[in-house]
Amino acid sequence: MQQFNKTPEFKTDKPILVMKQLCKSYQLGTVQLQVLRNIDVTINSGEYVAIMGPSGSGKSTLLNMIGCLDHPTSGQYWLSGRNVFELNDDDLSLIRGAHIGFVFQSFNLIQQLNVVENIEVPMYYQGLSEHESAQRARKLAVMVGLGDRITHRPSELSGGEQQRVAIARALANEPLIILADEPTGNLDSESGSEILKILVDLHKQGKTLIVVTHDEGIATDAQRTIRLFDGRIKQNGER
Amino acid sequence: MFTFRLKRTVKLGIKSLWMHRLRSTLTTSGIIFGVSSVIAMLAIGEGASQHAQEQIARLGSCNIIIKTVEPPEEEQAGGRERVMHEYGLTYADAERFHNSIPNVEVVVPNRLLAQRAWYRNRKVAAEVIGTVPWFPDVSTVRLIQGRFLSSIDMHYKQSVCVLDENVVSELFAFDDALYQDIKIATDYYRVVGIVTQQAIVSDLQTFDNQAPAAPGQGGANVGNIYIPLTTIKDRFGEISIEFSGSSGAKIEKVELHEIIVKVGSIEEVLPTRDILETLLDRFHKQSDYQVVVPLELLRQAERTKMIFSIVLGSIAAISLLVGGIGIMNIMLATVSERTREIGIRRALGAKKRDIIVQFLSETLILTLAGGILGIILGSSIPYFVTYFGHMPTVITTSSLILAFGISAIVGITFGLYPAYRAANMDPIESLRHE
């Protein structure tokens, strides 16, 4: 199996992600819906970027694009030196698994698997051995503070705990980028701030962190905020 | 690499199926019943035909059996009441077969009489067969003890007899049968040999109506007693008198009840049969004989078996098909129910192929588990059929392999489409799916 370079680069000035004139449109019947227009974004390794904007401004589409879940209609997207536009479905799957850690608003854990097994899922698709991935999953569970709940099912966990599992899962393959889509959106403020603390700690350890949020508080923590409006970048920089 | 992934895939599949135990069980039951009906039906069909074939084979595939039958009433005597009714095969017929058809190797003329035999105070109803020393050549009987009849016995019309196992076990509880004297009708005969059992044509009646019952072969006879043909003619004569109520006595004269002809090879059986019939037709004015060809019966039995198997097999195959459609239905429902899980897995790095493997393996686990349980159930059904229904059944290995193979094919065929659908879902939309 093809293995991607898994060691994250900690040099903060090196761009890990470059988007040039990126456009995305959907065909809705006879109407062409322009969701993203001429997006130019560069994110360096180790950065903490918040993406903000009102509903329908294209935040989620941009996030999907960054996460290699979606193909752009035109433009260029380079992720750690590879042109994503040229990759086929299998390669995109591999990139997602190896380089990107997703944290979703609604946690998106697999209900029939317990904590450790959920954390193991991305490692399984990268071809790690059962023993190795189990060991690593346990370590990650301990790291997010769930060491004593590793055999619990998602339905037996609170929202905050579920989101911790999701973060542990996102870290499973040591990704280059952690993509968090409203990570605190479904949580009460207390567990929300706990989750945010974990994410910020990860950034401090050198991870690249991209958070989509409505929460201005998160945006103030971030080094940079990208504001989208109607598919265009309205603001891109430190506030 | 592949094997450990396979193990984990199977583990994961079982886990997912275990989440919906009732659904999985109900889905599998379609396959279970399909597979077990395939096995049970093939076993019953195979048993019936094998039983018939064994019986036929014991008659000898190179043999042609000509039997005396009583001619129909209207053909008899042209209206005039005759005192004695004379019909059937004669010594002359046997002579002609032997002399005029070159490829006939052995001719065995037999007289058959239903008689009672006694030893001390034990009694048995048996078929007394007057035959010739070379009878074993056309028969599958094997000598267990002593000797068969000899030409000296024939020449001197000796009072000797050869018993088959059944007669021995009925007559002799404790004594050794050999060289004892048994009484048949009014005379005593010395037992000179013991043989295994002989198949008789009337056994075949259960299988095929074409095979006629030999005269005198009642169902009550437990076995055969062989005595020299000359002796039987001497002691019992050729005339039988049967008193039948008010209509008076029925007097019959029959020389031979059957002639068994053996030819050199199986290919010669059918042409020789035609020659024999031509020959018989010329010398017999009434249709008082019937030609039975075991080989023909065997072929017919094989044809019947084939049709039987096709009919039963297709019924069972349809039930498997129905089971397969049921599985496909459930898998499609499962796929749409687990859309979100598919989206999550795709986002976490699963390729389309991984999703196909996951869902296909779940279907395969269902069908193969159904196949195994079906084999267990299907193998036990014939056992009960034999036990309670007294029908012979034979489970062949090929039917087990066939049933299991079909269930695997059903799993792949009906699992492929749902798996393919799962793999081709758009990851973004699946993630949004509630």
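The values are calculated or read from the model by the stated rules, or taken from the named source; none is laboratory data. Just so it is clear, the model here is predicted, and its values are computed rather than measured. Backbone-built Cβ (ideal geometry, glycine too); neighbour counts: all protein chains shown. Areas reflect the complete protein model, heavy atoms only, side chains present, ligands, DNA and RNA absent. Shrake-Rupley method; radii C 1.70, N 1.55, O 1.52, S 1.80 Å.
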| Partners for B:Lys123 among aspartates and glutamates (Cα-Cα distance below 19 Å; same-chain residues under 8 apart left out) | B:Asp164, B:Glu165, B:Glu170, B:Asp175, B:Asp176, B:Asp181, B:Asp187
| query | In Å, the Kirkwood hydrodynamic radius of chain B over pairs of distinct alpha carbons? | reply | 26.8
| note | Of A:Ser55, B:Ser398, ordered by accessible area with the largest first and a 1.4 Å probe, the sequence is A:Ser55, B:Ser398
| remark: Restricted to the stretch B:113-204, the DSSP antiparallel beta bridge percent, nearest 5, is 75
| remark: Pseudo-spin-label distance A:Glu86 to B:Phe388, built 7 Å along Cα→Cβ, given in nm, is 7.2
| In what sequence, largest accessible area first, do B:Arg299, A:Arg224 appear using a 1.4 Å probe? | B:Arg299, A:Arg224
| field | Residue-averaged [θ]222 nm for chain A, counting only DSSP H segments that reach four residues, each worth -39500 (n - 2.57) | value | -10000 deg cm²/dmol
| Accessible-area order (highest first, 1.4 angstrom probe) of the listed residues B:Arg122, A:Arg149, B:Arg432, B:Arg116 | B:Arg432, B:Arg116, B:Arg122, A:Arg149
| note | Under a 1.4 Å probe, counting only protein heavy atoms, A:Glu182 has an accessible area in Å², nearest 10, of 30
| query | For B:348-358, what's the mean count of beta carbons from other chains sitting within 10 Å of each residue's beta carbon? | reply | 6
| request: For B:Asp426, tell me the accessible area in Å² from a 1.4 Å probe, rounded to the nearest 10. | output: 70
| request: Note the angle between two axes, namely the Cα long axis of helix B:397-423 and the longest principal axis of the Cα atoms of chain B, as a number of degrees from 0 to 90, rounded to the nearest 10. | output: 20
| query | Modelled label-to-label distance, A:Ser25 and B:Lys7, 7 Å Cα→beta-carbon offset: nm? | reply | 5.4
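Given a Förster distance of 56 angstrom, what is the FRET efficiency for B:Thr196 paired with B:Ile372, based on the Cβ-Cβ distance and rounded to 0.05? Spell out each step's value before the answer.
Details: r = 41 Å, r/R0 = 0.74.
The value I calculate is 0.85.
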| said: From the helices alone, meaning DSSP H stretches of at least four residues, give me the mean residue ellipticity at 222 nm for chain B, per-run term -39500 (n - 2.57), in deg cm²/dmol to the nearest 500. | reply: -18000 deg cm²/dmol
| request: Name the residues whose placed amide hydrogens come within less than 5 Å of the amide hydrogen of B:Gly130, ignoring near sequence neighbours (fewer than 5 apart) on the same chain. | output: B:Arg111, B:Leu112, B:Leu113, B:Ile227
| query | With every protein chain in place, what's the accessible area of A:Val49 (1.4 Å probe, Å², nearest 10)? | reply | 0
| query | Rolling a 1.4 angstrom probe over the protein heavy atoms, how many square angstrom per residue are accessible across chain B? | reply | 49
| What translational D, rounded to a whole number of µm²/s, comes out for chain A from Stokes-Einstein when the hydrodynamic radius is the Kirkwood one over Cα pairs, at 4 °C and 1.567 mPa s? | 71
| said: Quick check on the stretch A:128-239: what does the Kirkwood estimate of hydrodynamic radius come out to from the alpha carbon pairs, in Å? | reply: 15.4
| If you average the sequence gap of Cα pairs under 8 Å that are 6 or more apart and divide by the length of chain B, what percent do you get for the contact order? | 30
